[in-house]
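Below you'll find the structure, written out as structure tokens, and then a few comments.
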Amino acid sequence: MDLFPLARPLISLMDPETAHGLTLRALRLGLGPSQREPDSASLAIDLFGLHFENPLGIAAGFDKNGEVPDAMLAMGMGFAEVGTVTPLPQPGNPRPRVFRLPVHRAVINRLGFNNQGHAALKKRLLARRKRPGIVGVNIGANKDAADRIADYEAGIRAFEGLASYFTVNISSPNTPGLRALQNKAELQNLVARVLAARKGKTPVLLKIAPDLNAEELGDIAEVALEQGLDGLIVSNTTIAREGLVSGINANETGGLSGAPLFAMSTAVLRDMYRLTKGRLPLVGVGGISSAADAYAKIRAGASLVQLYSALTYDGPPLVGSIKRGLAAHLAADGFAHLKDAVGADVNV
């Protein structure tokens, strides 16, 4: 049952964080829609030893505490990413901390890794352990951690065997100093310790910021390839505003997501595909609100794509619309399978 069209006018009047909480509650109660038609076979792709029925996933931040991954999968997502989760629960930054920019179809948040901690998420993932579906865990560090890398190691240990894959989130702009872990020396240490903490073969991906310069991107590509990361997620929210948004809420601090992020994040995605020579699977995220956007990410080098902000404006019907459109784009360009279109616009 899709109640979004009926609820949308009321939701738009609510504080964004309150509206999000009600959305999660509705999904927990089984009030979300379920996909009826099967995905086109052209959308399936195999990565990281996993089979994705389609490349569209829900990005981290939507379901920080792992309350509704199965509802998102039932909606037609090819995978769900929960988190960001930190070892200890933390409240995040003071409210209000989420702001809509409807003219730009954008959102600014400064949530600050608010979540219930490892123990709460682990309990939920244990409860769904035998259910099908790809559910990744996005891990972070507590704001006041003396050793932030140790928090990432703890995340690997806590969820190995429960997570389909890990995302190491060092690119949120809302935890002071966190993005410094993207610097080469820090990143080498982080990746070495995180991979050493992994006992099995659960894929480990790194989520990067869109605000990096050419040298920083080159360093990340080098570390990722040399140290054996399984993939990159490109990208997190941006701290930039100039030329992207203006007017109401535009000057709020925090990370900007939504439509204005599309061009910037896609340019970084294209750069990373070129820098990694197409050897590392990439997940494209940032500003996707249509099938054309998702297809552009794929042609720029993404094997998978994620969305979040556009759902706050368009609701669950967007999921089916993007997948149908993607299949049509692939067919129109003569691609029998999604993998054949990955990086089609990039010279490596």
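I need every pair where a residue in region 82-105 that is under 21 Å from Val68 (Cβ atoms) has its Cβ under 7 Å from the Cβ of a residue that is in a helix (DSSP H, G or I) and among the aliphatic types (A, V, I, L, M), sequence separation at least 6 or different chains.
Val82/Leu121; Val85/Leu121
Hey, among the residues in region 207-219 that are within 21 Å of Ala59 (Cα to Cα) and touching a strand residue (DSSP E or B) at 6+ places or on another chain (Cβ under 9 Å), which one's surrounded by the most Cβ atoms within 10 Å (Cβ to Cβ)?
Ranking the qualifying residues of region 207-219, first place goes to Ile208.
Just need a number here: residues in region 197-219 that are within 19 Å of the chain's Cα centre (by Cα) and among the small types (Gly, Ala, Ser).
1
Can you find, within region 296-342, the residue that is farthest from the chain's Cα centre (by Cα) among those that are at pLDDT 95 or above and among the polar types (S, T, N, Q)?
Per the stated criteria, the residue is Ser321.
Right, Leu178: at pLDDT 95 or above and surrounded by fewer than 22 Cβ atoms within 10 Å (Cβ to Cβ) or not?
Taking the combined requirement at face value, the residue does not satisfy it.
With the requirement that a residue be of a type outside the set (S, T, N, Q) and within 17 Å of the chain's Cα centre (by Cα), what does region 157-177 give you?
Once the filter is applied, which keeps residues that are of a type outside the set (S, T, N, Q) and within 17 Å of the chain's Cα centre (by Cα), region 157-177 yields Ala163, Tyr165, Phe166, Val168, Ile170, Pro173.
The values are calculated or read from the model by the stated rules, or taken from the named source; none is laboratory data. Fair warning: this is a prediction, and the values are worked out from it, not measured in the lab. Every residue, glycine as well, gets a Cβ built from its backbone with ideal geometry; the counts of neighbours run over all protein chains shown.
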